[in-house]
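Engineer: Please see the structure below; I have some questions.
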Amino acid sequence: MIKSASILAIDSKNYIDEVTKRSDTFDMIHIDIADNEFCPTYGIPMDVLKTFSDKTSYKIDAHFMINNPLQILDTLSEFRLNNISVHCEAIKPEELTNFISNEYTLGIGILASTDLHELKDYLPLVDSVLLLCVNPGFSHQKPTVSPVSRVKELRTIYPNLDVNISVDGGVGDDILSELSNLGVSIAVQGGAIFGSS
């Protein structure tokens with residue numbers, strides 16, 4: 001299982017310094033970009049994404065929590081990204097095809113409050129599904145839905161699922177083994193890596 005470190009959990013603005021201090025505890029970094037519309041925060045600034053892209057060699061997992069993902073399509077080539085995720089609540093399946101690229105793997109995100117049946121038409125187009133288990137945009141939260149239960153529900157609805165599963169929100173070290181046994185490929189951790197506030 002890949003550990004993706006959510007830098008939204010870093011309390012200071014010295015993102016690279018804080019990530020470097022813990023570089024032996026994760027495999028990639030998770031950067032939440034938000035527009036203050038899809039969720040009530042701006043998340044991590046785009047210039048931070050640019051800095052990590054240009055000045056580090058970390059694998060980058062970019063999570064776009066924005067109402068109009070198509071608006072960023074033309075700028076993606078400016079970044080060195082390993083994976084991106086946009087949300088099914090904000091894009092139609094036919095629009096999602098615009099994001100298919102050989103430069104990165106593509107994920108479809110889904111809020112904890114959204115019915116997992118909504119993923120049906122997106123799954124054939126993506127490499128992964130990102131299950132958000134907290135309210136979007138803020139770190140150090142308790143999950144609004146159990147990560148383990150959410151993965152089990154996904155597996156029940158889509159028993160022949162053939163994409164990677166990423167889980168974000170409330171992913172403590174105590175459930176990593178169980179998530180791995182359920183076939184989770186990426187565990188996004190914030191407070192578990194950078195400390196709880």
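Engineer: Any residue in the stretch 145-174 that is without any contact (Cβ under 8 Å) to a residue 24 or more places away in the chain sitting within a Cβ distance under 7 Å of a residue that is not in a strand (DSSP E or B)? List the pairs, counting only those 6 or more apart or interchain.
Structural biologist: GLY172/ALA192; ASP173/ALA192
Engineer: Report yes if some residue within the stretch 148-165 is at pLDDT 95 or above, of a type in the set (Ser, Thr, Tyr), part of a loop (DSSP other than H, G, I, E, B) and surrounded by 15 or more Cβ atoms within 10 Å (Cβ to Cβ); otherwise report no.
Structural biologist: Yes: the stretch 148-165 contains one or more residues that are at pLDDT 95 or above, of a type in the set (Ser, Thr, Tyr), part of a loop (DSSP other than H, G, I, E, B) and surrounded by 15 or more Cβ atoms within 10 Å (Cβ to Cβ).
Engineer: Next up: I want to confirm something. Restricting to the stretch 96-127 and keeping residues that are under 12 Å from the mean Cα position of the chain (by Cα) and open to solvent by less than 10 Å² (accessible area, probe 1.4 Å), which single residue is nearest to ASN82 (Cα to Cα)?
Structural biologist: Taking the candidates together, the pick is LEU106.
Engineer: What's the total number of residues in the stretch 33-70 that are modelled with pLDDT of 95 or more, among the acidic types (Asp, Glu) and open to solvent by 10 Å² or more (accessible area, probe 1.4 Å)?
Structural biologist: Count: 1.
Engineer: Would you call PRO93 at pLDDT 95 or above, surrounded by fewer than 19 Cβ atoms within 10 Å (Cβ to Cβ) and not hydrophobic (A, V, I, L, M, F, W, C)? Even if it seems obvious, please write down each step before you answer.
Structural biologist: On the way: at pLDDT 95 or above: yes; surrounded by fewer than 19 Cβ atoms within 10 Å (Cβ to Cβ): yes; not hydrophobic (A, V, I, L, M, F, W, C): yes.
Spelling it out, PRO93 is indeed at pLDDT 95 or above, surrounded by fewer than 19 Cβ atoms within 10 Å (Cβ to Cβ) and not hydrophobic (A, V, I, L, M, F, W, C).
Engineer: Hey, can you tell me all the residues within the stretch 16-32 that are open to solvent by less than 20 Å² (accessible area, probe 1.4 Å) and closer than 13 Å to THR56 by Cα?
Structural biologist: The answer is VAL19, MET28, ILE29.
Engineer: Of all residues in the stretch 12-37, which are part of a loop (DSSP other than H, G, I, E, B) and either closer than 23 Å to ILE186 by Cα or without any contact (Cβ under 8 Å) to a residue 12 or more places away in the chain (or both)? Explain how you work it out, then say what you get.
Structural biologist: Going through the stretch 12-37, the residues part of a loop (DSSP other than H, G, I, E, B) turn out to be 12-14, 22, 26-27, 35-37.
Within the stretch 12-37, SER12, LYS13, ASN14, ARG22, PHE26, ASP27, ASN36 qualify.
Engineer: For the stretch 53-63, does any single residue satisfy the condition of being touching a residue at least 24 places away in the same chain (Cβ under 8 Å), within 22 Å of TYR122 (Cβ to Cβ) and in a loop (DSSP other than H, G, I, E, B)?
Structural biologist: No, every residue in the stretch 53-63 fails to be touching a residue at least 24 places away in the same chain (Cβ under 8 Å), within 22 Å of TYR122 (Cβ to Cβ) and in a loop (DSSP other than H, G, I, E, B).
Engineer: Has the stretch 99-116 got at least one residue that is in a helix (DSSP H, G or I), modelled with pLDDT of 95 or more and farther than 28 Å from ASP11 by Cβ?
Structural biologist: Yes, the conditions are met somewhere in the stretch 99-116.
The values are calculated or read from the model by the stated rules, or taken from the named source; none is laboratory data. Here the structure is a predicted model, which is why all the values come from computation and not from measurement. Backbone-built Cβ (ideal geometry, glycine too); neighbour counts: all protein chains shown. Accessible surface areas use protein heavy atoms only, side chains included; no ligands, DNA or RNA. Shrake-Rupley method; radii C 1.70, N 1.55, O 1.52, S 1.80 Å.
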